[in-house]
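Structure, as structure tokens:
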Amino acid sequence: MRLRDADGRRVVVVFTTRPATRDSDRPKDVLVNAREAGVTVYAVALDVRYFDGDDFVDGRPDPDLEHVVRETGGTLFEIDDERSVPGAFLAVARMIRQAMRDRAHAR
């Protein structure tokens, strides 16, 4: 099913470990698609050290990801320890639940 065809509130949760590459979706494309589909983007971004083919480098998520999240009304959780990943996803789930409650009470 395509996201635009889904009923109700639409949310995308992005998990990323380093900047976009040629083979991954770029934040600008994600923003365009999110706006077209009317979705909120939440992101969990894990800072990691990785081998880029020549050296080990400290990877940080693409800075444009924060813009995508902000523009769609979501939240970016930037973490530097893989043990924090479950907590970040729980926080995202809580935020989504709260937004659903707020929306239900606003009706």
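The values are calculated or read from the model by the stated rules, or taken from the named source; none is laboratory data. These numbers come from a predicted model, not from an experiment. Backbone-built Cβ (ideal geometry, glycine too); neighbour counts: all protein chains shown.
Okay, here's what the table says:
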| read-out | value |
| --- | --- |
| Qualifying residue in segment 42-57 (condition: aromatic (Phe, Trp, Tyr), modelled with pLDDT of 85 or more and under 11 Å from the mean Cα position of the chain (by Cα)) | yes |
| Residue under evaluation ILE96, criteria (1) in a strand (DSSP E or B); (2) surrounded by 12 or more Cβ atoms within 10 Å (Cβ to Cβ); (3) not hydroxyl-bearing (Ser, Thr, Tyr), criterion not met | (1) |
| Residue check for VAL57: over 18 Å from PHE15 (Cβ atoms) and not hydroxyl-bearing (Ser, Thr, Tyr) | yes |
